[in-house]
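I have placed the structure first, in the form of structure tokens, so that the comments after it can refer back to it.
The values are calculated or read from the model by the stated rules, or taken from the named source; none is laboratory data. Computed from a predicted model, the values in this text were never measured in an experiment. No Cβ is skipped: glycine too gets one built from the backbone with ideal geometry, and neighbour counts run over all protein chains shown. In case anyone asks, the SASA skips ligands and DNA or RNA and just uses the protein heavy atoms, side chains included. Shrake-Rupley method; radii C 1.70, N 1.55, O 1.52, S 1.80 Å.
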Amino acid sequence: MQRHTGRDMWDAEECQSPRMGSVILGVDGGASNTVCVCIPAAMPFNDPLPVLSRTVAGCSNHNSVGEDRARETLERVMSQALLKARRRRSNVCAVCLAVAGVNHPIDQQRMLDWLREIFPSHVKLFVENDAVAALASGTMGKLHGCVLIAGTGTIAYGFTSDGREARAAGAGPVLGDWGSGYGISAQAMTAVVRAYDGRGPETVLTNNILDFLGLASPDELIGWTYEDQSWARIADLLPVVVESAESGDEVANKILHNSVGELASSVKAVVQRLELGGEDGKHPFPLVMVGKVLEANKRWDIGKEVIDCVTKHYPGVYPIHPKVEPAVGAALLAWNAIASELDGDIRNVQ
């Protein structure tokens, strides 16, 4: 694959005739892909929200692909989003980068320093974990409540109105992203190997996974696994596990039931630490649900099962399934942060 320098990516903006008008970039970088949206700074809160452009690239988690490749991916989606919107970097008034793997103030500062090398000094810059953008996608940019992400990986993240925050899980597959698409799929693959060598019960997961991957025997599954240990590649087996559970397979059903418990535990840990439910657990708070694991299937609805588990302890919880994607949530975070600073002629609808 051809690699591009940062200078190469931004060359195209010198050749275009930009439209006038300030814009905001919102970036959501997860374990599977990275999305950037460009929205007008003079944004009316209509439904749907105005999105001038949207671009997609691969993984930008530096823990997965390395810092150089992660930055290359992020720079590509931002430059392409501005190109599609016919804007230049000089038109940007704010950027919010919400990326998986940003787990410490050192990570944030490193990314902020890098962004400052790219954008003019007037641009307001924000760097957050991708879970923050996911929460904002359900609360229109306001940071209050809890978000549960369960896609390739998983994390629960919460904020209080006075700015306190807490997180649970999100430590990656080595330290146990159980309940995620990766975690569910990895347990299913383990069950296949255990059944094959006699350490575990027979399961339809064996035939279903081998058929899905085009493999002849569980022996080949070992080679398939280690030839490319991409988290997203393994997480792609999630639909096979759900289908097996819906057909009545006990092993697959046990894996999904365990995943519900893990995801609910992450949410409850965050809610308890932040006291989002109040002293009696009945105080209302939003739980934003994001990710393919939480989507309903024919008979299995992991998201609903998680909500039911959380509700037993915190009856004030109310689930939100966002109408906009996390990249828009990132843009809304930036918009809310700078709205009071924008000049009136920028805030007015163009």
Requested in this report: Pairs of Cα atoms under 8 Å, at least six residues apart: use those to get the relative contact order of the range 288-343, whole percent.
Outcome: 31
Report summary line: Extension length gain for A171 and R69 (0.36 nm per residue less Cα distance), in nm, is 34.7 nm
Requested in this report: Over 36 Å, how big is the tail of the calculated P(r) for the chain, in percent of all Cα pairs?
Outcome: 26
Report summary line: One computes Rg over Rh for the range 181-320 from alpha-carbon atoms, with the Kirkwood Rh, and obtains 1.07
Query raised in the report: What residue among A169, G29, G248 has its Cα farthest toward the positive end of the dipole of the chain, where the charges are +1 on Lys, Arg and -1 on Asp, Glu, each on the Cβ?
Result: G29
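Taking the radius of gyration and the Kirkwood hydrodynamic radius from Cα positions alone, what is the Rg/Rh ratio for the range 13-160, to two decimal places?
Ratio of gyration radius to Kirkwood radius: 0.95.
For A171, what charge total do you get from the other residues with a beta carbon under 13 Å from its beta carbon, if Lys and Arg give +1 and Asp and Glu give -1?
Details: positive: R167; negative: D177, E262.
Combined, the nearby Lys, Arg, Asp and Glu give -1.
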Requested in this report: Calculate what fraction, in whole %, of the accessible area of the chain sits on carbon and sulfur atoms when a 1.4 Å probe is rolled over the protein chains.
Outcome: 49
Query raised in the report: Summing +1 for each Lys or Arg and -1 for each Asp or Glu, what net charge is found among the other residues whose Cβ lies under 10 Å from the Cβ of V251?
Result: -1
Report summary line: Here, the range 89-218 modelled as identical Cα point scatterers in vacuum has Debye log10 I(q)/I(0) at q = 0.11 Å⁻¹ of -0.58
Query raised in the report: Against the longest principal axis of the chain, how steep is helix 326-338, in degrees 0 to 90 to the nearest 10, with axes from Cα atoms?
Result: 40
**Report entry** Simple Cβ-charge dipole of the range 133-222, Lys/Arg +1 and Asp/Glu -1, about Cα centre, in debye nearest 20
**Finding:** 420
Query raised in the report: Hey, what angle do you get for helix 130-139 against the long axis of the chain, alpha-carbon based, 0 to 90 degrees rounded to 10?
Result: 80
Report task. Would you mind checking the pairs K254/K312; K142/K323; K282/K323; K268/K298 and listing those with alpha carbons more than 24 angstrom apart? Result -> K282/K323; K268/K298
Report summary line: To the nearest 20 debye, the chain has a Cα-centred charge dipole, built from +1 on Lys and Arg Cβ and -1 on Asp and Glu Cβ, of 920
Report task. Quick one, can you get me the convex hull of the C-alpha atoms of the range 148-242 expressed as volume per residue in Å³? Result -> 104
Query raised in the report: Using the heavy atoms of the protein chains alone and a 1.4 angstrom probe, what is the accessible area of the chain per residue in square angstrom?
Result: 46
Query raised in the report: For the range 181-320, what relative contact order do you get, as a whole percent, if you take Cα pairs closer than 8 Å and at least 6 residues apart?
Result: 23
Query raised in the report: With contacts defined as alpha carbon pairs under 8 Å and 6 or more residues apart, what's the relative contact order of the chain in percent?
Result: 21
Report task. Using the charge dipole of the range 226-285 (Lys, Arg: +1 at Cβ; Asp, Glu: -1 at Cβ; taken about the Cα centre), state which of N258, L238, G277 has its Cα farthest towards the positive end. Result -> G277
Query raised in the report: Does anyone have the angle between helix 250-274 and the longest principal axis of the chain? Alpha-carbon axes, 0 to 90°, nearest 10?
Result: 40
